[in-house]
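Colleague: For reference, the structure I am asking about is given below.
The values are calculated or read from the model by the stated rules, or taken from the named source; none is laboratory data. Because the structure is predicted, anything quoted here is derived from the model rather than measured. Every residue, glycine as well, gets a Cβ built from its backbone with ideal geometry; the counts of neighbours run over all protein chains shown. With ligands, DNA and RNA removed, areas are computed over all heavy atoms of the protein, side chains included. Shrake-Rupley method; radii C 1.70, N 1.55, O 1.52, S 1.80 Å.
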Amino acid sequence: MADMNTAARSDHQTRFTVAIIGGGFTGAAVAYHLAQCPAVDQAAILVFEPRDALGKGLAYDTGDPAHRINVPSARMSLLPDDPEHFGRWLAGTGVLAGDPRAHQADGNSFPRRSVFGDYVSSQVEPLVDDGRIRHVRARVAHVSKTGTGWQLQDDAGNRFSSDLLVIATTHPAPRAPARLAEAFVGHPRYIADATKPDALEPIRPQDRVLIVGNGLTAADVIASLRERGHVGRILSISRRGLRSRGHAAVPQEPYGNFVSPPPQSTRELLKRTRLALRAATADGLSWHAVLDQLRAQARPIWQGLTVVERRRLVRHLRVFWDVHRFRIAPQVEQALDHAITEGRLEIAAGSILSARRHGDGMQVLIRRRGGAPETLDFDAVVITTGPAHGGILSSQSWFSELAETGRLTMDPTGLGLACNEMGEALDVNGDPQLDLLIAGPLARGVFGELMGLPQVSEYAAAIAGQIIGSIAHTYKPIA
Ligand SMILES: Cc1cc2nc3c(=O)[nH]c(=O)nc-3n(C[C@H](O)[C@H](O)[C@H](O)COP(=O)(O)OP(=O)(O)OC[C@H]3O[C@@H](n4cnc5c(N)ncnc54)[C@H](O)[C@@H]3O)c2cc1C
C-alpha cells in the first residue's frame with residue numbers, strides 16, 4: 001500500500017482540495033466549471049475515475065455504433081448557458097460526415113453516444129494536460145471523515161485527503177431478478193449487465209434472446225443486436241410491457257400549465273395531465289408537447305408535493321413517466337419497429353416465475369399478463385432492468401462506510417441520496433454537510449427530474465458554483 005499520493009499531500013498542505021468521485025459527464029462538468037473559475041486557481045481539483053478519459057462515464061463511453069444520444073444534439077451541451085456549444089463542436093470537427101444517419105429530416109441530429117463523450121472529453125482533457133484538473137485513474141475504495149475534511153483511499157491503496165468531497169458516481173450496476181441470477185450466473189450467454197463493453201459479444205446470430213426490462217437499455221440492446229446481424233427471436237419482457245417512446249414527428253412547443261398553482265397531490269397531477277392531453281389533441285398536438293411541459297415544470301411540481309405524495313408518484317406514475325419522458329433516438333426506434341414488423345421482436349407484459357438451465361440453453365417459466373404460465377427456451381438472457389439506484393448505499397464499500405457512520409442516507413423517495421437543493425448531503429439527523437456534495441442524478445430525490453443531460457449539465461454548473469462559494473468562505477491561503 002502506498003503511503004499517500006505525494007502530489008495530493010503537497011497540494012493539501014497548501015491548497016484547498018476538492019475531490020470528485022466519478023468522472024463521467026457530471027464529475028467532469030463540475031471539474032470543468034471549477035477549473036474555468038479564476039477564483040479557484042489556487043485550489044486542487046482531483047477527479048477519481050478509472051476510465052481512460054474524463055467526461056464519458058457509463059452513458060457515453062461506448063464504442064457501439066448503435067448507441068445514439070437520445071436527446072437531440074441541440075439540447076446536449078457541457079455549457080448550460082450555451083446550448084449550441086456541442087452543435088458548433090460537431091460542425092467544427094466534421095465528425096458527422098461519416099455518419100449520415102445521424103441527421104434527421106426535421107433538422108435534429110442524434111450522433112452516436114461516443115461522439116458526445118469525445119466532445120466532453122475534448123473540453124476537459126486540456127485542463128488535465130495543463131494541470132488544472134488532476135485525473136486520478138482509479139476507483140475510490142474507502143472514504144472517511146477526518147477532523148478537517150476527508151480521507152480517500154483508492155483501490156491500489158493510495159491515500160488522498162481533501163477539504164471537500166463531491167459524489168458523482170450516479171449509476172450503480174443493475175440488480176438482476178434473484179430467480180434468474182441464481183439459475184444462470186456463470187452461463188456464457190447470461191448477460192447480467194448489458195452496459196458493459198462488448199457485453200453482447202457472446203450472443204450468436206440465431207440465438208433466441210430473452211431481454212428482461214423494457215427501457216432505454218433494452219432498446220439499445222435490440223438495436224445493437226440488429227447491427228451485429230442477429231436474426232433470432234427476441235422476447236422483451238417487463239412487468240407492464242411498456243415500450244420506450246420515440247420523439248415527436250415534428251417539433252412542438254411545450255403545452256399546458258402545471259404550476260399555477262402546482263398540484264397538491266399525485267391524483268390531481270394525473271387529472272390535470274389527462275385534461276392537458278385532451279386539450280393538446282384538440283389543438284392538433286401530440287402527447288410529446290404535454291410531457292415536455294411537465295418536464296420543464298417538473299421541479300416546482302415535485303417540490304410542491306409532500307414526501308408522501310412524491311412517494312405515491314414514484315410508486316404509481318414513474319413507470320409511465322419514464323417511458324414517455326426518456327425517448328429513444330429515431331435510429332433506435334426504427335430498429336425496434338423493423339424487428340417487430342419482421343416478427344422477430346415481441347414486447348410483452350409479464351413476470352418470471354422460475355428459471356433453470358436446460359443443457360446449453362436456459363428455460364424460463366413466464367406468465368404473460370392475463371395468461372397461463374408457459375415454459376420458454378432461450379439461448380441468451382440479457383438483464384436491462386436499469387441501474388439499481390435504490391441500492392446505491394450498498395453498491396460500493398465506501399458508500400456503506402459513509403452510511404454506517406451516518407453521513408449518507410437515502411432520499412425518502414428512494415430515488416437517490418438525501419441532500420438539500422444546494423446538493424449538500426443530509427446526514428442521519430437530516431443536517432446538511434457543507435463539505436459533502438451530491439452531484440448528478442443521485443440528487444434527483446430533491447428535484448424530481450434530474451437524469452437527462454440538459455438538467456444534469458445545469459445542475460453540475462450549479463454545484464461548481466456552490467463549491468466556488470465554499471472556497472471563497474474557507475479558502476486556505478498558500479503557506
Ligand atoms: C446507458 C445510458 C445512456 C444515456 N444516454 C443519454 C442520452 O443520450 N441523453 C441524455 O440526456 N441522457 C442520457 N443518459 C442519462 C445520463 O444519466 C446523463 O446524461 C449523464 O450521462 C449522467 O452522467 P454521470 O456522470 O452523472 O453518471 P455516470 O455516467 O454513471 O458516471 C459515473 C462515473 O463514476 C465512475 N465511478 C463509479 N464508482 C467509482 C468509484 N468508486 N471511484 C471512481 N469512479 C467511480 C464510473 O466509472 C462512471 O464513469 C443516459 C444514461 C445511461 C445509463
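Colleague: What about PHE25, is it under 30 Å from the mean Cα position of the chain (by Cα), at pLDDT 95 or above and over 19 Å from ASP435 (Cα atoms)?
Modeller: Yes.
Colleague: Looking at (1) in contact (Cβ under 8 Å) with a residue 12 or more places away in the chain; (2) among the aliphatic types (A, V, I, L, M); (3) open to solvent by less than 10 Å² (accessible area, probe 1.4 Å), find the lone condition where ALA462 falls short.
Modeller: (3)
Colleague: Where the second residue is part of a loop (DSSP other than H, G, I, E, B) and buried (at least 20 other Cβ atoms within 10 Å of the Cβ) and the first is of a type in the set (D, E, K, R) and lies in region 392-414, which pairs have Cβ atoms under 6 Å and are six or more apart or on separate chains?
Modeller: Listed pairs, sorted by first residue: ASP411/ALA418.
Colleague: Further, regarding this structure: For residues that are in a strand (DSSP E or B) and within 13 Å of the ligand (Cβ to nearest atom), tally how many sit in region 138-173.
Modeller: Total meeting the criteria: 11.
Colleague: Every residue in region 85-135 that is open to solvent by less than 60 Å² (accessible area, probe 1.4 Å), in a loop (DSSP other than H, G, I, E, B) and in contact with a strand residue (DSSP E or B) (Cβ under 8 Å, 6 or more places away or on another chain), please.
Modeller: Hits for region 85-135 are ASP99, PHE110, PRO111, ILE133.
Colleague: Taking region 392-429, which residues are surrounded by fewer than 20 Cβ atoms within 10 Å (Cβ to Cβ), away from the ligand (no atom under 14 Å from the Cβ) and among the small types (Gly, Ala, Ser)?
Modeller: ALA403, GLY406, GLY414
Colleague: Pairs only if they're at least six apart or on different chains, beta carbon under 6 angstrom, first in region 210-221 and more than 10 Å from the ligand (Cβ to nearest atom), second aromatic (Phe, Trp, Tyr); list them, first residue then second.
Modeller: LEU210/PHE378
Colleague: For the subset of region 188-204 comprising residues that are crowded, with 16+ Cβ neighbours inside 10 Å and more than 18 Å from HIS67 (Cα to Cα), which member is farthest from the chain's Cα centre (by Cα)?
Modeller: Selected residue: ARG189.
Colleague: Now a separate question. Could you list, in sequence order, all residues of region 10-66 that are in contact with a His (Cβ under 9 Å, 6 or more places away or on another chain), within 12 Å of LEU165 (Cα to Cα) and within 10 Å of the ligand (Cβ to nearest atom)?
Modeller: Listed by number, the residues that qualify are VAL47, PHE48.
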